[in-house]
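S.K.: One structure follows; several queries about it will come next.
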Amino acid sequence: MKILTIVGARPQFIKAAAVSRAVAKFEGVTEVIVHTGQHFDKNMSDVFFEEMHIPKPDHHLHINSLSHGAMTGRMLEGIEGVILEEKPDWVLVYGDTNSTLAGALAASKLHIPLAHVEAGLRSFNMKMPEEVNRILTDRISTVLFCPTSTAIKNLENEGFGKLENEVVQVGDVMYDAALFYAEKSRKPAFDVPEKFILTTCHRAENTDDPKKLANIINGLNEIHRDTPVILPLHPRTKNYIAKYGLQPEFQMVDPVGYLEMVYLLQNCSMVMTDSGGLQKEAFFFKKPCITLRDETEWVELIEHKVNYLCHVANEGEIVSLFKQVKGEDIDFEVNLYGKGDTSELIVRDLLGRKIK
Ligand code: UDP
């Protein structure tokens, strides 16, 4: 069996690291990796391949820094060429980026079976590019690997029970990664205070809105006076902070590799983020999380009161929520994302399927 894996953005490298390691355990399975180039900086891409021992991409398309339409279109063309050359049995896509959608479209138009990892998630906010990517990808996938029972319910509500796609609940590959790399975490080279809040921010809905980004930065400035804040800064956010003339007073560092991220997760006292992946990682490492968004795809975290939504358009909400969550006694003892064997379940499932 030959699997063609499409990756392009940071969270996909982390997910692919877990699945590639599982693929290597099975005889008779080969994986060909295509890197679209969507994330390309050393600290947004290469570091993950090196540290997490992800096989070097077999094809690199170098497509980045374009509008959504141009990027997705060029990726579609590029991936189509690779599929025609490699003739895989499966195309495997992850998550919700433009690389995901381009890979899905290329496979489905060539009638190559398509597997979507992290299927069925919904924010119900169609203005998010990620929501459009995931809905379209789900609809044309042959097999949808869902991380949670909420994802299964979302697909049922959209009528997937009546469609030809196969829907399977397997758990979350990011949990596999967190378990595997927990012992390999590495202290970053910059100063890490004994107690701190770990923050990330990169979603377009926050960075592209001057008022929201100002509320986030000003709120973090105030929180920093109580507990030090560390923000590994996404390149997109860096540009917007400069563009809007905002003045962060807390510690900003370059994006870190996954092993350093795990160290920060293990040692922080709280996470504040608009990242999808980091919300779950906060939970894996038993840290309370404030999500800097109006909604989340990971609703089970909200239901279990380990994660709190912060409407960042409201000035001051980030600070008041911080004070509230700081005082909460949070119970993390619930299993929401599988057993840490999701990657193997995925490879086994693909091997067991008759390719039509
Ligand atoms: N991450 C990292 N270094 C950083 C910021 C994030 O390794 O400086 C990891 C993080 O731990 C998580 C993944 O990148 O595993 C999340 O990616 P991102 O927030 O870019 O995307 P999202 O999850 O929102 O799709």
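The values are calculated or read from the model by the stated rules, or taken from the named source; none is laboratory data. Keep in mind it's a predicted model, so treat the numbers as computed, not measured. Neighbour counts run over all protein chains shown; Cβ positions are idealised from the backbone, glycine included. Just the protein is used for accessible areas: all its heavy atoms, side chains included, with ligands, DNA and RNA removed. Shrake-Rupley method; radii C 1.70, N 1.55, O 1.52, S 1.80 Å.
S.K.: Name, by its number, the condition in (1) modelled with pLDDT under 95; (2) buried (at least 20 other Cβ atoms within 10 Å of the Cβ) that does not hold for LYS354.
M.R.: Condition (2) is where LYS354 drops out.
S.K.: Which residues, taken from the stretch 3-47, are aromatic (Phe, Trp, Tyr) and open to solvent by 10 Å² or more (accessible area, probe 1.4 Å)?
M.R.: Within the stretch 3-47, the first condition is being aromatic (Phe, Trp, Tyr), and the residues that meet it are 13, 26, 40.
PHE26, PHE40, listed by residue number.
S.K.: So, restricting to strands (runs of 3 or more DSSP E) that lie completely within the stretch 157-234, which ones have at least 3 residues that are within 16 Å of the ligand (Cβ to nearest atom) and under 20 Å from ILE14 (Cα atoms)? I'd like the intermediate steps shown before the answer.
M.R.: Working: elements: 166-169, 197-200, 229-232.
Those strands (runs of 3 or more DSSP E) span 197-200.
S.K.: Quick check, is PHE332 within 16 Å of the ligand (Cβ to nearest atom), touching a residue at least 40 places away in the same chain (Cβ under 8 Å) and surrounded by fewer than 22 Cβ atoms within 10 Å (Cβ to Cβ)? Talk me through it step by step, then tell me what you get.
M.R.: Numbers: within 16 Å of the ligand (Cβ to nearest atom): no; touching a residue at least 40 places away in the same chain (Cβ under 8 Å): yes; surrounded by fewer than 22 Cβ atoms within 10 Å (Cβ to Cβ): yes.
Against the criterion (within 16 Å of the ligand (Cβ to nearest atom), touching a residue at least 40 places away in the same chain (Cβ under 8 Å) and surrounded by fewer than 22 Cβ atoms within 10 Å (Cβ to Cβ)), PHE332 does not qualify.
S.K.: Is the stretch 58-78 home to any residue that is under 30 Å from SER123 (Cα atoms) and among the basic types (Lys, Arg)?
M.R.: The first filter runs over the stretch 58-78 and keeps only residues under 30 Å from SER123 (Cα atoms), leaving 61-78.
Those left that are additionally among the basic types (Lys, Arg): 74.
For the stretch 58-78, residues under 30 Å from SER123 (Cα atoms) and among the basic types (Lys, Arg): present.
S.K.: Just need a number here: residues in the stretch 310-328 that are open to solvent by 50 Å² or more (accessible area, probe 1.4 Å) and not in a helix (DSSP H, G or I).
M.R.: Of all residues in the stretch 310-328, those open to solvent by 50 Å² or more (accessible area, probe 1.4 Å) come to 311, 314-315, 320, 323-324, 326-328.
Narrowing further to those that are not in a helix (DSSP H, G or I): 311, 314-315, 327-328.
Number of matching residues: 5.
S.K.: Given the structure, is MET261 open to solvent by 20 Å² or more (accessible area, probe 1.4 Å), part of a helix (DSSP H, G or I), within 15 Å of the ligand (Cβ to nearest atom) and under 25 Å from LYS326 (Cα atoms)? If you could, list the steps in order and put the result at the bottom.
M.R.: On the way: open to solvent by 20 Å² or more (accessible area, probe 1.4 Å): yes; part of a helix (DSSP H, G or I): yes; within 15 Å of the ligand (Cβ to nearest atom): yes; under 25 Å from LYS326 (Cα atoms): yes.
So MET261 fits the description; yes.
S.K.: Within the group LEU84, LEU66, LEU110, which residue is surrounded by fewer than 18 Cβ atoms within 10 Å (Cβ to Cβ), without any contact (Cβ under 8 Å) to a residue 12 or more places away in the chain and either closer than 21 Å to GLN38 by Cα or among the hydrophobic types (A, V, I, L, M, F, W, C) (or both)?
M.R.: Details: LEU84 fails: without any contact (Cβ under 8 Å) to a residue 12 or more places away in the chain; LEU110 fails: without any contact (Cβ under 8 Å) to a residue 12 or more places away in the chain.
It is LEU66.
S.K.: Also, quick follow-up: Taking the condition of being open to solvent by less than 20 Å² (accessible area, probe 1.4 Å), within 11 Å of the ligand (Cβ to nearest atom) and out of contact with any Cys (no Cβ under 7 Å at 6 or more places or on another chain), how many residues in the stretch 276-291 meet it?
M.R.: Final tally of qualifying residues: 5.
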